[in-house]
Amino acid sequence: MMNEPVSAIMTKNVVTVKPNDTLDKVKNILFDKHFHHIPVVEGPRNKLLGIITSFDLMKLDRRFEDYSRIRVSEVMTTNIVTLESHEKIGAAAMIFLRKLFHGLPIVNQQMELVGIVTTHDVLKYEFDKEYPNDTFELAYRVNEQD
């Protein structure tokens, strides 16, 4: 069931931050866009260096006023699990279940970011396969586009 490549469900236009960005920028992205994971990249080819999550900010236990003085590089996770775009959706699901992650950067062989897959993407993929004409889901998508 999950034998399609993650490229079929990944987000390709990924919002990213740079290592020298401040946590103010991260906080604004997390709050404004309702994201929970932001890849950290550098260079014109978006080489993946790490990831910063809403959980990282919670663990930091600092006031928002301090965020303008804290760099992403001080907080980001650098020991990250990635997949390549040809790997299967089932591999992403296995990682989510075993590691309790909720987002996986998708990279090429040069570790350049090409997308991201989240637990939401996998759930949506499976739901759509099981209930392709669900009226609530179809109505929700129409409202989401407005």
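Out of the residues in region 2-29 that are assigned to a loop (DSSP other than H, G, I, E, B), among the polar types (S, T, N, Q) and in contact (Cβ under 8 Å) with a residue 60 or more places away in the chain, which is surrounded by the most Cβ atoms within 10 Å (Cβ to Cβ)? Quick ask: steps written out before the conclusion?
First pass over region 2-29, keeping only residues assigned to a loop (DSSP other than H, G, I, E, B): 2-4, 9-10, 12-16, 18-21.
Next cut, among the polar types (S, T, N, Q) only: 3, 13, 16, 20.
Narrowing the set further to residues that are in contact (Cβ under 8 Å) with a residue 60 or more places away in the chain leaves 3, 16.
Working: Asn3: 8, Thr16: 19.
So the residue we want is Thr16.
Mind checking which residues of region 115-134 are buried (at least 17 other Cβ atoms within 10 Å of the Cβ) and not hydroxyl-bearing (Ser, Thr, Tyr)? The answer is Gly115, Ile116, Val117, Asp121, Val122.
Kindly indicate whether any position in region 30-49 is part of a loop (DSSP other than H, G, I, E, B), out of contact with any Lys or Arg (no Cβ under 7 Å at 6 or more places or on another chain), among the hydrophobic types (A, V, I, L, M, F, W, C) and surrounded by 17 or more Cβ atoms within 10 Å (Cβ to Cβ). Give the derivation first.
Within region 30-49, the first condition is being part of a loop (DSSP other than H, G, I, E, B), and the residues that meet it are 34-36, 43-46.
Filter once more, keeping what is out of contact with any Lys or Arg (no Cβ under 7 Å at 6 or more places or on another chain): 34-36, 43-46.
Now drop any that are not among the hydrophobic types (A, V, I, L, M, F, W, C), which leaves 35.
When the remaining residues are screened for being surrounded by 17 or more Cβ atoms within 10 Å (Cβ to Cβ), the result is 35.
Yes; the residues of region 30-49 include at least one that is part of a loop (DSSP other than H, G, I, E, B), out of contact with any Lys or Arg (no Cβ under 7 Å at 6 or more places or on another chain), among the hydrophobic types (A, V, I, L, M, F, W, C) and surrounded by 17 or more Cβ atoms within 10 Å (Cβ to Cβ).
Residues in region 91-133 that are in a helix (DSSP H, G or I) and within 16 Å of Thr77 (Cα to Cα): Lys99 only. You will find that of Lys88, Lys99, the residue that is farther than 21 Å from Thr22 by Cα, modelled with pLDDT under 95, out of contact with any strand residue (DSSP E or B) (no Cβ under 6 Å at 6 or more places or on another chain) and among the basic types (Lys, Arg) is Lys99 and no other. Taken over region 63-89, residues that are under 23 Å from Glu4 (Cα atoms), surrounded by fewer than 17 Cβ atoms within 10 Å (Cβ to Cβ) and among the charged types (D, E, K, R) amount to 2.
The values are calculated or read from the model by the stated rules, or taken from the named source; none is laboratory data. Quick caveat, the model's predicted, so the values are computed rather than measured. Methodologically, a virtual Cβ is constructed for each residue, glycine included, from the backbone with ideal geometry; neighbour enumeration extends over all protein chains shown.
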